[in-house]
Amino acid sequence: MSRGSEGQSFDKLRMSGSVNLAKNQIVWLRRDLRMADQPALHAAAKAGPVVPVFVLDEDRPGDRAYGGAHRWWLHHSLESLGYSFGKHNAHIVMRRGDSVSVLAGIADEIGAGAVHANRHYEPWFREAEEDLRDALPDGCELVLHDGNYLLPPGTAKTGSGDPYKIFTPFSRTVLEHFPPRDALAPPENIAQPSAMPESDELADWDLLPTRPDWAGGFRDFWKVGEDAAHERLEWWADEVGDYDEGRNLPSQNTTSQMSPHLHWGEISPVTIWHRLKDKRSEGWKTYEKELIWRDYAQNVIMQFPKYGEEPYRDYDNSLWRNPNAGHLIADDLEAWQRGRTGYPIVDAGMRQLWQVGWMHNRVRMITASFLVKHLLIDWRHGEKWFWDTLVDGDYASNSTNWQWVSGTGVDSNMFVRIMAPLSQSDKFDAAGYIREYVPELADLPDDQIHDPDPEHRPGTYPDKLIGHKEARERALSAYREMKAGQD
Ligand SMILES: Cc1cc2nc3c(=O)[nH]c(=O)nc-3n(C[C@H](O)[C@H](O)[C@H](O)COP(=O)(O)OP(=O)(O)OC[C@H]3O[C@@H](n4cnc5c(N)ncnc54)[C@H](O)[C@@H]3O)c2cc1C
């Protein structure tokens, strides 16, 4: 059934009275941990008493189960949303287990008329939706809403009615469809059934690290939750004008840092768009384009659900150094992960990621390119590391960007365009950023910090894993060989 007809069918059902408005309504919370502009919650609260349910389902996603950074954010986000429901004398039912059986069981227990959820495009969520339709008791429907993107993925179509594969025409068509829908206000009243299903205690899920507690840097860097997302937006409304100039400068605080709030759905992109739309600056136009990149990434995984695992282009594994062929990549991979490559900008980025669970976009591009091209390591190792360590680790955005950098994607940079990390560091004035995250280099003067020469390189700082020129030649020659093998 198409998106339009699904939406219509709910309206029709409501109009025809076959959904009993007095029946209990489940809201299946996933990456939409907010009250404002939350279409699933909005519809449920209008239809009847609401039972919001969050299921910690660690089996269905397989190796896409939450990483440590995800778990840290999720704990605080659920805690914050719990307070918000509490203000309405309502609470969230939290359960651990298979999402389909848990939801079907609760629907049966409370005699639910509908399970409302916002659409998500991760393959494990879509599979769960399919299974849930079959598992729900008679008289209870799964109703999907659009809420986490500027436009519902699939809205922007080519002349022949297909979804776009390439960003530029996608973006053009999205702009033609604007403005996005209006944002929905948070529900004024949330009624709940008198007898609520049992809930786990959040603390019993052990989402926070204890031994060791590695999250000190996270706590200093982030404020989590819907209120924090709106505060951040207010700050950003004054800053967005400078985004065009500042967004490439990692030493300055000139990007919005909204990505984890957006990933977890603590704020909707539509809310951001309406708050900023009158800014009319170059900065806003560029920022709007970045939000469209986020929509684009969903549009990609909607078409290619295995995008996190499977390269779109016909690269074969012969391009990468391969442990199965006897190449020793483990040490290089670990040096990259730990920020010990000998390239200050790469190491600063990887250490920022480890300390705070986030990395500046320009540096994400540099570190990803370094792994894939300088170290010739398969992008999937890097994608997986980012997934495990980012608080905003997002199946669509992560895989789309990794495939873009690697040249393997449906729309991507060419593999043979090899970024020079040292000149990028200088060009984008990363000295302050390096000093912050690579303290052993903090005392170096600006003319040394991007690429310290041997007499300035402190003994505690590693030598380069490989020189830039040598790495470039190795990558280009591996690419040529791979292509020759394919002819
Ligand atoms: C290798 C690599 C991996 C990435 N993995 C992720 C990821 O897992 N999750 C994630 O949210 N972003 C990812 N990005 C995109 C981008 O780096 C982050 O969204 C951005 O750095 C977040 O910081 P910000 O909120 O300050 O962004 P801003 O510059 O303020 O941008 C505003 C918002 O636009 C969206 N956005 C910006 N750039 C992109 C982009 N290139 N692709 C998709 N959406 C974008 C984000 O939601 C972001 O919050 C990745 C980029 C690269 C190069």
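Here, each number is a calculation from the coordinates, and none is a lab measurement. Keep in mind that what you see is a predicted model, and the values were worked out from it rather than measured. Neighbour counts are summed over all protein chains in view; Cβ atoms, including those assigned to glycine, are modelled from backbone coordinates with ideal geometry.
Annotations
- Rounded to the nearest 20 debye, the dipole magnitude of region 3-147 is 560 debye, with +1 charges on Lys and Arg beta carbons, -1 on Asp and Glu beta carbons, and the Cα centre as origin.
- Using θ = phi - 60° and Karplus 6.51 cos²θ - 1.76 cosθ + 1.60, couplings along region 409-421 (whole Hz; Gly, Pro as x): x, 5, 10, 7, 5, 6, 4, 6, 8, 9, 5, 9, x
- Here is the list for region 257-326: trypsin sites (Lys or Arg not before Pro) lying in DSSP coil, each with at most 14 other C-beta atoms within 10 angstrom of its C-beta, are ARG280, LYS306, ARG313.
- Charge tally in the Cβ shell below 12 Å around HIS177, where Lys, Arg are +1 and Asp, Glu are -1, HIS177 excluded: +1
- Highest to lowest packing among 389-402, 217-230, scored as the average C-beta count within 10 Å: 389-402, 217-230
- Backbone amide hydrogens, once placed in the peptide plane, bring ASN24 within less than 5 Å of GLY113, excluding anything fewer than 5 places away on its chain.
- With K and R counted +1 and D and E -1, the other residues having a Cβ less than 14 Å from that of ASP213 yield a net charge of +1.
- Within-11-Å neighbourhood charge of ASP463 [Cβ basis; K, R +1; D, E -1]: +3
- Prolate/oblate/rounded label for the chain (Cα gyration tensor, a/c 1.5): prolate
- Per-residue HN-Hα couplings for region 384-393 [Karplus 6.51, -1.76, 1.60; θ = phi - 60°; Hz; x = Gly/Pro]: 5, 5, 4, 4, 6, 10, 8, 6, 9, x
- Backbone amide hydrogens, once placed in the peptide plane, bring GLU141 within less than 5 Å of ALA114, VAL115, excluding anything fewer than 5 places away on its chain.
- Per-residue [θ]222 nm for the chain (sum of -39500 (n - 2.57) over DSSP H runs n ≥ 4, rounded to 500): -14000 deg cm²/dmol
- Under 5 Å between amide hydrogens, built in the peptide plane, is the criterion, and for GLY97 it picks out LEU56, ASP57, GLU58 among residues at least 5 positions away or on other chains.
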